[in-house]
Every structure is written in C-alpha cells, then in structure tokens.
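What follows is one structure encoded as structure tokens, with my remarks underneath.
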Amino acid sequence: DGYLTAIDILHTSGDPASDDGRPIAPPPTNARHTDALLLSGASTVDTAWRFPLPPGDLAHTPAELLAALNQSTDGRAIEQIEQHLVRSIRTWRPEVVLTQHTNLDSCEPRSAILAAVVMQSLNAAADPTRHIDLANDAGLAPWQVKKVYELLPPGAISGQPAGSAT
C-alpha cells in the first residue's frame, strides 16, 4: 500500500563498557533483530546506542533507571532522548506512531520512562518554538503526528485499566 515503517530502538543492552560503565564505542547493530524487522516489512531500523541500559534493567525503579541513563549522558538523558526522537519524527514525518502504554503505574521501568518521553517528544516535534536548531541547521521543520497507538500491557482491554475484568 506504499506505507513506510521506520523503527527506532532507543536502548541497547550488553554493550561493551569501560570500568565506569560508559560505553567504549557504539555497539554493532544487532544484525538478527535488524534483519528480522526488515524482513517483516520495516523500511529502516535505527539503534540509538547513546542510551545504554544498565545490567538487569527490569530490577530497577524508574528513578534508578533514569539515574543510570543520566550517567551515560552527563545528566541530560531526557533532553537527549527527546532530541533524538524529535529528530526522527521530523525526518520520517510519520502519520502514525506506535509506542508503549502510558499508564506509568503498571509499566516496567523502561516503559514508564519511554512512554512519558515519547509523548513529550511528539508535542515538541510539532511545536515550531522547540528544537529550532533542527529546523535551522538540518532543515527539519515541525511535524504533527496524526495518530498515536499504545501497546497495552498483557491482559488489558482498550479503555480499561490493566487487570480489570469486563
């Protein structure tokens, strides 16, 4: 039907790191994941190696995970992730975005942070007063996404909190 699908993987795990936990170099793209996504119809797959997760990321609270992400970004994790997402949105100009469910109480820590930053980034990508450098330096004008779909947690029904019965 002429649709393009761009996939942006924000977090890597198992990256080579120095003694202080910072990545030594960009890890190689996980070829198996990329190949699987491209074979299933994706037009492009990008991995943002700048936001590595600490080992055992599911055992961390959102605050601990954010602190770990801030260590690898000089305390600017949210700002840099937003900049990355706004750049991707303005580059690809999607009509539809798929993301994690935004019910922060029932999410794993990574999803809780990601859900909030994605929604913030969608608003920033559409705002001509935000990320002006992307418009001026890279020619990436503001872009308004038409629809956002969220992946619901297991057992959830659209319009109802996770775990509630119908």
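Please list the non-local residues whose amide H lies under 5 Å from the amide H of residue 51, H modeled 1.01 Å from N, same-chain partners needing a gap of 5 or more.
HN-HN under 5 Å from residue 51: 12.
Measuring from label point to label point, each 7 Å out along Cα→Cβ, what is the residue 157 to residue 116 span in nm?
Between residue 157 and residue 116, the label points sit 3.0 nm apart.
When only C-alpha pairs under 8 Å and at least 6 residues apart count, what is the relative contact order of the range 38-97, in percent?
24
Computed from the coordinates by the stated procedures, all read-outs in this text should not be read as laboratory data. Here the structure is a predicted model, which means the values were calculated and not measured. Neighbour counts run over all protein chains shown; Cβ positions are idealised from the backbone, glycine included.
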